[in-house]
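Okay, so here's the structure we're looking at.
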Amino acid sequence: MTLGRHREDWERLAEVDAMWAVLTAPGRKGGRWDPEEFFATGEREVEHVLATAERLGKLARREEALDFGCGVGRLTRALGQRFGHALGLDVSEGMVERARALNADVPAAEFRVNDARDLGSVADDSVDLVYSSIVLQHLPSAADIERYVGEFLRVARPDGLVVFGIPRHIPFPWSLQPRRRVYALLRRLGVPEEWMLRQTPLTPMRMTVLPEERVRALLGRHGATVLHAEPIDEGPVRSLRYYVSPA
């Protein structure tokens, strides 16, 4: 799967059901997310992450935050209310447009399209908190995940914090990802993607796994330290959220 195909998938998801694509909670598909309730989930998540960071002795300075894979700003909004500036980056222009409209009342929240294979628009050692939630798992490959994690460490300040979640295991038969595979097959046969997204449980979203030992080895190669790892399991997917000191 190419980055271009990945971007096209998320443009389609943004067009059809952006909030559900960001947070695929049961019963919310088909435009059933209430915006206030949707953004409240981001408030709770960011509060938890910042409380954990405080227990770890991190983020005494809260000037710059980066939300990688921001979608419509579920987390960028909360970060923008707690940091001097919060930058949300997303591969989808449609997501970014919706994020700007939905969060116009939070001046500290900025949204940009990032459809490159790196974070070249962000300077080295410039961000206090780099955060990415339920995003890396949807990238095309484990190599893509590793490359972006390396970028997180590059842009984070030495005394900052990098926090991200990645699935470590998906048991059989969920690991086969049948809904994604059937979606891809029907797309090749010419079935309209909008119809599949609106009328069926099929999805183009992929789930890419990176075992814990591989994540820790990657961080070690970059000279980073795992301060804490907590389970964020949902359904059959077993994931960890890593709190990482860049230096």
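The values are calculated or read from the model by the stated rules, or taken from the named source; none is laboratory data. Please read all numbers here as calculations on a predicted model, not as lab measurements. Neighbour counts run over all protein chains shown; Cβ positions are idealised from the backbone, glycine included. Calculation scope for accessible area: heavy atoms of the full protein, side chains included, ligands and nucleic acids excluded. Shrake-Rupley method; radii C 1.70, N 1.55, O 1.52, S 1.80 Å.
When L186 is tested against (1) part of a helix (DSSP H, G or I); (2) open to solvent by less than 30 Å² (accessible area, probe 1.4 Å), only condition (2) is not met. The numbered conditions (1) open to solvent by 50 Å² or more (accessible area, probe 1.4 Å); (2) within 21 Å of V163 (Cα to Cα); (3) within 16 Å of the chain's Cα centre (by Cα); (4) touching a residue at least 60 places away in the same chain (Cβ under 8 Å) are all true for D90 except (1). Beta carbons closer than 9 Å, at least 6 apart along the sequence or on distinct chains, pair a first residue in segment 193-206 that is within 14 Å of P140 (Cα to Cα) and in a loop (DSSP other than H, G, I, E, B) with a second that is modelled with pLDDT under 90 and aliphatic (A, V, I, L, M) for R206/M1.
Quick one: is A217 modelled with pLDDT of 95 or more and of a type outside the set (F, W, Y)?
Details: modelled with pLDDT of 95 or more: yes; of a type outside the set (F, W, Y): yes.
When the stated conditions are applied, A217 passes them.
Whether a residue is modelled with pLDDT of 95 or more, open to solvent by 10 Å² or more (accessible area, probe 1.4 Å), over 18 Å from the mean Cα position of the chain (by Cα) and closer than 28 Å to P231 by Cβ was assessed, and E37 passes this test.
Taken together, the residues in segment 149-182 that are open to solvent by less than 50 Å² (accessible area, probe 1.4 Å), in contact with an Asp or Glu (Cβ under 8 Å, 6 or more places away or on another chain) and either assigned to a helix (DSSP H, G or I) or not small (G, A, S) (or both) amount to 4.
Going through V130, V163, V155 one at a time, which residue ends up being touching a strand residue (DSSP E or B) at 6+ places or on another chain (Cβ under 6 Å) and over 27 Å from E234 (Cα atoms)? Spell out how you get there, then give the answer.
Working: V130 fails: over 27 Å from E234 (Cα atoms); V163 fails: over 27 Å from E234 (Cα atoms).
Testing whether each residue is touching a strand residue (DSSP E or B) at 6+ places or on another chain (Cβ under 6 Å) and over 27 Å from E234 (Cα atoms) leaves just V155.
Looking only at segment 119-140, count every residue that is open to solvent by 40 Å² or more (accessible area, probe 1.4 Å) and of a type outside the set (V, I, T) and tell me the total. Qualifying residue count, segment 119-140: 5.
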